[in-house]
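Step one of this worksheet: look at the structure below.
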Ligand code: AMP
């Protein structure tokens, strides 16, 4: 099973990803988590990514694509994987298409978690991560609209997008996702 989870920052991607990972016994690949680990460990990749992350901009596609290319070859991805926060731009989506074809893999679904903007800001401000201040949040929401939403068009034309109402209780939202995947 290969899934993509798309949604604005604060939309609940991480929470739902953890549940889907358990359910389908697939690897949870969060590019945001991977980047934060690199920043914390002081790697060259982390040093390069940090400034972009602090301002809420996207880290350059080439860095992210290289990171994912290596990650999907790990042993825990044998049974499939869930991409959380990737692809976030059209070039990333196109690179993923090529990677999947090259590895003879097939994308099963794109889960699009839809949450009102007021709710997103509320959730982000209560989370308190380093990049969860008001200025960065505004920038990340803008980046989502201009760079990530076009990714849905890319997959929409392939009829694989499952639009999920992302407001309400965590378990309710999760049930909606499972229904959409049936
Ligand atoms: P996230 O934890 O998914 O909200 O990601 C946090 C930050 O990491 C984003 O604001 C970006 O700066 C960076 N990031 C995460 N995933 C990607 C990606 N696929 N492409 C570019 N930048 C990313």
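Nothing in this text is a laboratory measurement; each read-out follows from the coordinates by a stated rule. This one's a predicted model, so the numbers in the text were calculated from it and none came from an experiment. Note that we place each Cβ from the backbone using ideal geometry, even for glycine, and neighbour counts take in every protein chain shown.
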Whole-number D in µm² s⁻¹ for the stretch 41-128, Kirkwood Cα-pair radius fed into Stokes-Einstein, 37 °C, 0.692 mPa s: 215 µm²/s
Checking rank on 157-163, 19-25, with mean other Cβ inside 10 Å and highest first, the result is 19-25, 157-163
In whole Å, largest first, what are the principal axis extents of the Cα atoms in the stretch 1-89? 35, 28, 23
Would you mind computing the Rg to Rh ratio of the stretch 2-181 from its alpha-carbon coordinates, Kirkwood style for Rh? 0.93
